[in-house]
Amino acid sequence: MQNQDLKDLSNISIKEAGNSPRTSNESVERGDFEDTHYIDENLERRIIRKFDFRILPLIACVYLFNALDKGNISNAKTNGIDIDLGITGYKWNLMLSVFYIPFVLCALPFAMIIKKYNAANCIPLLAFGFGAISLLAVSAFNFGSLLTARLFLGAMEAPVLPALVYYLTTFYPRAKLASRISIFYSASAIANSFSGLLSFGVFQINSSRLRGWQILFLIEGFGSILISVLAFFLLPRSISNSKFLTDEEKRYITYRIKTDSSDVVTTNKISFKDSIKVFKNPVVIAWMLVEICIGVPLNSINNWFPQIVGVLGKSTVQTNLYTVAPNIWGAIVLVALCFASDYFKVRSIFVCFAVLCTLLGFLVFGVIETQKHLGVAYFSCFLMTMGASASSVLTSTWYTNNTPNANRRAVISAIGVPLANAAGLISTNIFLPKDAPKYVPALGITAGFGGLAIVIITCMTAFMLFDNRRRNKIQGVVKTFQDVPTSELSEGPDNINFRWMY
């Protein structure tokens, strides 16, 4: 079934669009798209709208519950889970840290499995898995049992984000990708807000049998399992299996993916030897370093934001409520920056802006006296969330856009995204009990990683501009990444026709 996507496109006849195509009318009329840059904006807009309504809502819900199950531990701490289970001192940091070990180690092998057996089959199974583990965590009775639950949760959640990103690259052209990833990724920021609101309500429930954190785990675990069932039956496995598309739409979007996203449209073949060649390029190593740098502030917010907000001196219930607005603001800015990045077809500038906002947020919060300047302190919380998620989404989209080879794209996502999350090992071990309640050293270290990310991104962008000009000079042409079909770029930068999308 999936090989139908690779059928010869020459028998399709698409009516000429309202816009002026970048090829001759004769080639359009005979449907000869393989060597053209034909774009039918009206048809493409209709197809993308269908994907937006049929795929994105399910993907967003899966990632929403993924983020809830991963991050609810910080809300549970405000309800005394550490006291109930006898977790004291550095044990809490250890319990948070252990999550990231399987999260990093399991990502790559799971990515190979996901590519072989289709992301649409695997994503619902992963959602069912992390939902079930959250339910089992309700029965945690001491430090060891909760540690074990977090260990298995890390393994189950490791490939979720790379799988979602890879899945979307098989449906959306490059210039549409960042905005769509931002929509489902904003579910993470919304999850932090929703978790705060949910915790606000749940922690006021008086139950003689269950603690508030146990009720929270139950609700979010059941939600994950429910959405996993819906996703299994409703997510399309490929373009050719998308029953909501007409034959004309299937053939056209197949052509667009081959020319502006991937070297192939759908294949289950895996070549590990070919996949790891992506890391031969120094730019890819630089992207991985950026992932680590931006992962520190991202995970500091995911794991410690309620504690940071708690410095304002509010009650447990009010602290959870005060986390809502900054997280919603972060989601809004995330979507706005990614749509702007897609519109201008530029990634680097928007990544730098996002990182700078977060850097300033941590710096301001760290240097002021929060009790004397509550308004400024709370405003800096908005700055923290303003760029944390946006920088992560745009970075992963950036290197995905520059990796046409499907095997290599699956691997780079499976390494890059977990590296950002592996930075949680740093964030969980810089917020030390002795620095409570404000954690000034941790705030400074987090800001420092943001500054390093900006330096690396600036150097990478300068190289990409230089390399594109060098390639144009060698070939005696003026080309951008939009002028070269991705179906010709399996070897990436090793191909002289390759142009960086910066």
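Legend: calculated FRET efficiency, K434 to T480, from the Cβ-Cβ distance at R0 = 51 Å, rounded to 0.05, equals 0.45.
If you keep only loop residues by DSSP, which trypsin sites (Lys or Arg not before Pro) in the stretch 263-363 have at most 10 other Cβ atoms within 10 Å of their Cβ? Spell out each step's value before the answer.
Working: sites: K269, K273, K277, K280, K314, K345, R347; in loops: K269, K314, K345, R347.
Here the trypsin sites (Lys or Arg not before Pro) that fit, given the DSSP loop and packing criteria, are K269.
Using just its DSSP H runs of length 4 or more, each adding -39500 (n - 2.57), the chain gives a mean residue ellipticity at 222 nm of -22500 deg cm²/dmol after division by all residues. When the charge dipole of the stretch 411-502 is built from unit charges on Cβ atoms (+1 for Lys and Arg, -1 for Asp and Glu) and taken about the Cα centre, the candidate among S427, A462, I415 whose Cα reaches farthest toward its positive end is A462.
Sorting the Cα pairs of the chain by distance into bins of 20 Å, from 0 upward, gives 24, 55, 20, 2 percent per bin.
Sorting check: for 447-453, 112-118, 484-490, 289-295, which peptide has the highest mean count of neighbouring beta carbons within 10 Å, and how do the rest follow? Mind dumping the intermediate values first?
Values: 447-453: 20.9, 112-118: 17.0, 484-490: 18.9, 289-295: 25.1.
Sorting 447-453, 112-118, 484-490, 289-295 by mean packing, highest first, produces 289-295, 447-453, 484-490, 112-118.
Estimated at 0.36 nm per residue, the fully extended path between R46 and R470 surpasses their Cα-Cα distance by 148.8 nm.
Under the criterion of Cα pairs below 8 Å and six or more residues apart, the relative contact order for the chain equals 22 percent.
At 0.36 nm per residue, and after removing the present C-alpha to C-alpha distance, how many nm does the segment from F53 to K280 gain when stretched out fully?
Working: separation 227, 0.36 × 227 = 81.72 nm, distance 3.84 nm.
That pair, F53 and K280, stretches by 77.9 nm at full extension.
Given a Förster distance of 25 Å, report the FRET efficiency between F244 and A340 from their Cβ-Cβ distance, rounded to the nearest 0.05. For F244 and A340, the calculated efficiency is 0.30. Y100 sits among other residues whose Cβ lies under 11 Å from its own Cβ, and their net charge, with Lys and Arg +1 and Asp and Glu -1, is +1. Estimated from the Cβ-Cβ distance and a Förster radius of 25 angstrom, the FRET efficiency linking F463 and F272 is about 0.35.
Per 0.36 nm of contour for each residue apart, how much would the distance between N495 and S208 grow if the chain were fully extended, relative to their Cα-Cα spacing? Walk me through the numbers before you get to the answer.
Values: separation 287, 0.36 × 287 = 103.32 nm, distance 6.68 nm.
Net length gain for the segment: 96.6 nm.
Provide the net charge surrounding T395, with neighbours chosen by a C-beta distance below 12 Å and charges set as Lys +1, Arg +1, Asp -1, Glu -1. Taking every Cβ under 12 Å from that of T395, the sum is 0.
Working note: Karplus 6.51/-1.76/1.60 with θ = phi - 60° gives the stretch 105-116 the couplings 5, 8, 4, 5, x, 5, 5, 5, 5, 5, 5, 6 Hz, where Gly and Pro are set to x.
Could you tell me how many degrees, from 0 to 90 and to the nearest 10, lie between the Cα long axis of helix 119-137 and the main elongation axis, the longest principal axis, of the Cα atoms of the chain? Between helix and principal axis, roughly 0 degrees.
Look at L126, L56 and count the other Cβ atoms within 10 Å of each Cβ; fewest to most, that gives L56, L126.
Every number here is computed from the coordinates shown, using simple stated rules; none is lab data. None of these values were measured; they are calculated from a predicted model. Glycine gets a Cβ as well: all are built from the backbone with ideal geometry, and neighbour counts include every protein chain shown.
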